[in-house]
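Student: What follows is a structure written as structure tokens; I'll ask about it next.
The values are calculated or read from the model by the stated rules, or taken from the named source; none is laboratory data. Here the structure is a predicted model, which is why all the values come from computation and not from measurement. Cβ sites come from the backbone with ideal geometry, for glycine too, and all protein chains shown count toward neighbours.
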Amino acid sequence: MYPIGTFSKLVDVSVKTLRYYHEIDLFSPSYIEPKTNYRYYSFNKFFEIEKIKLFKSFGLSLDEIKVLITTDFSTMNTLLVEQQKTLNDEKRKIENQLSLIEEMLKTDKKKIHTSFTISHVKFEERDITTVLSVREEIDLNNINLLVKKLFEKAYAYNIELVGNLMVSLTIGSPLSDVEVMMEISNESLLKEEPVDIKLIEGGQYAYLYFKGLYSDLHYAYEKLSEYAIDDNYVFIEEYVEGLVPKDLDKPLLVRPNIEKHPETFVTKLLLKL
């Protein structure tokens, strides 16, 4: 048997409250000392007081709890099942909210600090394009090395590059299949040196423009991929402004245009239909 003071600490219910529960005949002690009127509680009283605490957490009044614990077990069981369902529903809502917050923290971490714009998707008919290309499986962080190889090859074979730098890639782990390309002039087509010349297929393309950090370009991919007609689609990134300087007087020292902020870089994303 536990004296009321000890029992109070063990169940985290004040002595005053235990006495009040006894007065209203909600929760009685197991034994009362006749001379001192001191209250004692047996071990089985722990379960009873925990039931009362649980029902209070449901928002029930003491009168309602008193009726409930004196009724048959089926009534109490029905209430517990209903409350269990309510709590599980609330748990799912909280878990969904936590998942949403976690996803927002992941995907929007950079977006919070940067801005970008994506144009509407448009369509165009493109001619066959002749390009000089370099293709390798590399870590995407080293894509600048492929760009350097492309310009070194053009410089070595005296091939005139025109238009914008383009990239087609298939992302993998740890290496990605990356091809960097740039259109060549008609005069360069007359040369007979064995270089990597290829044709980009003509036809109808869906495209959009993206202005912002390259790290946010995946938002443009998501938007344009809605227009893919099968699972074998290939994207082409065409760097319109910022990534490669317009003045290529030193082709072996090509690097991003330091006069432009990366958030102002413009990329045209194309998808063959």
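Student: GLU137 versus (1) out of contact with any Leu (no Cβ under 6 Å at 6 or more places or on another chain); (2) closer than 27 Å to GLY202 by Cα: which is the lone unmet condition?
Tutor: (1)
Student: Could you tell me whether segment 66-83 includes any residue that is of a type in the set (A, V, I, L, M) and closer than 18 Å to SER14 by Cα?
Tutor: Checked segment 66-83: no residue is of a type in the set (A, V, I, L, M) and closer than 18 Å to SER14 by Cα.
Student: Does SER99 fit the bill of being closer than 30 Å to GLU222 by Cβ, in contact (Cβ under 8 Å) with a residue 24 or more places away in the chain and either out of contact with any strand residue (DSSP E or B) (no Cβ under 6 Å at 6 or more places or on another chain) or not assigned by the TED database to the domain that holds PHE265 (or both)?
Tutor: no
Student: If you go through segment 204-220, how many residues are of a type in the set (D, E, K, R) and at pLDDT 95 or above?
Tutor: Residues in segment 204-220 being of a type in the set (D, E, K, R) and at pLDDT 95 or above: 0 in total.
Student: Can you work out which of the residues in segment 1-36 that are hydroxyl-bearing (Ser, Thr, Tyr) and in contact with a strand residue (DSSP E or B) (Cβ under 7 Å, 6 or more places away or on another chain) is surrounded by the most Cβ atoms within 10 Å (Cβ to Cβ)?
Tutor: By that ranking, first place goes to TYR2.
Let's see how each residue does on (1) modelled with pLDDT under 85; (2) more than 21 Å from ILE128 (Cα to Cα); (3) in contact with a Phe, Trp or Tyr (Cβ under 7 Å, 6 or more places away or on another chain); (4) among the hydrophobic types (A, V, I, L, M, F, W, C):
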residue: LEU150; (1), (2), (3), (4): no, no, no, yes
residue: ASN158; (1), (2), (3), (4): yes, yes, no, no
residue: MET166; (1), (2), (3), (4): no, no, no, yes
residue: MET182; (1), (2), (3), (4): no, no, no, yes
residue: LEU190; (1), (2), (3), (4): yes, no, no, yes
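Student: Looking only at segment 99-123, which residues are modelled with pLDDT of 85 or more, not in a loop (DSSP other than H, G, I, E, B) and not hydroxyl-bearing (Ser, Thr, Tyr)?
Tutor: ILE118, LYS122, PHE123
Student: At least 2 residues that are of a type outside the set (A, V, I, L, M, F, W, C) and at pLDDT 90 or above in each: list the helices (runs of 4 or more DSSP H) lying fully within segment 3-73 that qualify.
Tutor: Hits in segment 3-73: 4-11, 15-23, 45-57.
Student: Quick one: in segment 138-156, which of the residues that are assigned to a helix (DSSP H, G or I) and among the charged types (D, E, K, R) is nearest to TYR214 (Cα to Cα)?
Tutor: Checked segment 138-156; the qualifying residue nearest to TYR214 (Cα to Cα) is LYS148.
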